[in-house]
1. When Glu318 is evaluated against the numbered criteria (1) surrounded by fewer than 21 Cβ atoms within 10 Å (Cβ to Cβ); (2) of a type outside the set (Ser, Thr, Tyr); (3) not in a loop (DSSP other than H, G, I, E, B), which criterion, by number, is the only one it fails?
2. Which residue is surrounded by the fewest Cβ atoms within 10 Å (Cβ to Cβ), if the candidates are limited to the range 88-108 and must be among the hydrophobic types (A, V, I, L, M, F, W, C) and assigned to a helix (DSSP H, G or I)?
3. Condition first: surrounded by fewer than 20 Cβ atoms within 10 Å (Cβ to Cβ) and touching a Ser or Thr at 6+ places or on another chain (Cβ under 9 Å). Can you find one or more residues in the range 323-344 that meet it?
4. Which one of these is away from ligand 2 (no atom under 15 Å from the Cβ) and touching a Ser or Thr at 6+ places or on another chain (Cβ under 8 Å): Ser421, Ser430?
5. Considering only residues of the range 18-33 that are surrounded by fewer than 19 Cβ atoms within 10 Å (Cβ to Cβ) and either at pLDDT 95 or above or of a type in the set (A, V, I, L, M, F, W, C) (or both), which is farthest from ligand 2 (Cβ to nearest atom)?
6. Listed residues Val249, Val192; which is more than 16 Å from ligand 1 (Cβ to nearest atom), touching a residue at least 40 places away in the same chain (Cβ under 8 Å) and touching a His at 6+ places or on another chain (Cβ under 6 Å)?
7. Please determine, by comparing only the residues of the range 354-410 that are assigned to a loop (DSSP other than H, G, I, E, B), away from ligand 2 (no atom under 14 Å from the Cβ) and of a type in the set (Gly, Ala, Ser), which one is nearest to the chain's Cα centre (by Cα).
8. Which count do you get for residues in the range 161-215 that are of a type in the set (Gly, Ala, Ser) and within 16 Å of ligand 2 (Cβ to nearest atom)?
Amino acid sequence: MLPPQSILSEVFGYAAFRGPQADIIDHVIGGGDALVLMPTGGGKSLCYQIPAIARQRAGKGITVVVSPLIALMHDQVGALHEAGVEAAFLNSTLSGEEANAVEKKLLRGEITLLYAAPERITTPRFLAQLDSLHERGQLALFAIDEAHCVSQWGHDFRPEYRALAVLHERFAGVPRIALTATADALTREDIVQHLQLQEARQFISSFDRPNIRYAIAEKKDATSQLLRFISNEHDGEAGIVYCQSRKRVEEIAQTLCQEGVDALPYHAGLEPDVRQRHQDRFLRDEGVVMVATIAFGMGIDKPDVRFVAHLDLPKNIEGYYQETGRAGRDGLPADAWMAYGLQDVVNQRRMIDEGEAPEEFKQVLRGKLDALLALAEATDCRRVRLLDYFGEQSQPCGNCDNCLNPPQVWDGTDAARKLLSTIYRVQQQSGISFGAGHIMDILRGKATEKVKQFGHERISTFGLGAEFSEQQLRGVLRQLIGIGALAVDASAFNTLQLTEGSRAVLKGERTIELRESVAASTGGKKGRAA
Ligand code: ADP
Ligand code: ZN
């Protein structure tokens, strides 16, 4: 059999394998199953392309690659053709005639790698064709790309992926390699279980992207913060700005353009030809900033994206990691910058609470959101936190906002207890709950119309927190919501509700740490511990 090293240099023109590639390729060529976790840009494709070529040349037949995205298939097949490898795809862009031609080639064994969408692979017709190859010993390998799509806990669940278990049941003995760039422990378990990869060897790469500098800022005026970030640090450079909604994408793109940034919008509501045009410009021209919803990005291989900015909080750390991972694929310094505030927390909670999902599912989603909030509120190394989430231990990186400018922390426990007891007392007195603004007014001793209307100036904590600024208290509220010691009831005007977790804070068993910058920027002096 041709050694993998020769295929690497002769077919792909690369000198050496990267990281775990060589081990993975040896294992798969040898007929073993594999689960590969490697960050974006790590070089997953070669992990199945080289075994496909090696096994094909050894007379073992074709490799079927399951891929969820048409654009991705086109790119990969195009690149393989350039390298002189027989590759094809089967998807909805082909006419009946074209698809037939591919199937003929497939059955004649004239293809080394066949890319297909999961829903295509699991059709009876296609499975029958695979049967016929299998009987002749001409099925070399199954590669399942973006394997996290099988997990409903991931950010990109595709039910069709579940049906891929058939590959193991029907074609026992044909090796399988599943690959993904995003997998926390839960998702990983799901992949193993649903794709029946219990016997597969797991190759887990470091998820660290040392050239990316992570920074998370408190949201004040997001648009001007973004403008400052771009003009100070990335003037004229390519980047992606992620926003929650289509409307916001449009607004931000427009504002950036008015300020002289070469920005384009991208979201699922735009006409396909507009989307394509914007994507082409982003890939081709220098220094284009794409303002997008998460509809943009998967399969985009642009090496010199110098920054990824989040103007709204993603749903979870996997999403954040995958999106920020699109920066700096060339290995040169890049920024992952996010602005987030209390409203983000409220919005994300509300989306979960008001969603259609069953309660147990919502619990998982809340847990994942909490982990992201903890990352956002962290006062220590972001990278340590991020990698820890993926099960990887590391040392402070020296290249994130918290490492570069260690935030002073102040003890917000007192403020937290006062807030919680105000919420409790107001609820006791009035029998209903109130929102953040009103609770803060009471604690700060502001006798607003509403405070007077409900007689809340008689609450015993009225004015007890006069030394705290509104901004400080917002920080405390974010933390409390982040750690589950306070809930926002989206079905009742975003009122604040005590939770099981409130008790530990009220009883002083749990401390609340906040970054000093929050306090310093408002000039607040009291309420800080030494
Ligand atoms: P992933 O799918 O993990 O995001 P890709 O397979 O697209 O990553 O690889 C990312 C880039 O790295 C591609 O341009 C690929 O050609 C390149 N690459 C992969 N392996 C090597 C290698 N051993 N040497 C040099 N370049 C490599
Ligand atoms: Zn760090």
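1. (1)
2. Among those residues, the one meeting the criterion is Ala101.
3. The answer is no; no qualifying residue exists.
4. The match here is Ser421.
5. By that ranking, first place goes to Gly31.
6. Val249
7. Gly391
8. Looking only at that region, the number is 2.
The values are calculated or read from the model by the stated rules, or taken from the named source; none is laboratory data. Note that this is a predicted model, so its numbers are computed, not measured. So basically every Cβ, Gly included, is an ideal-geometry build from the backbone, and we count neighbours across all protein chains shown.
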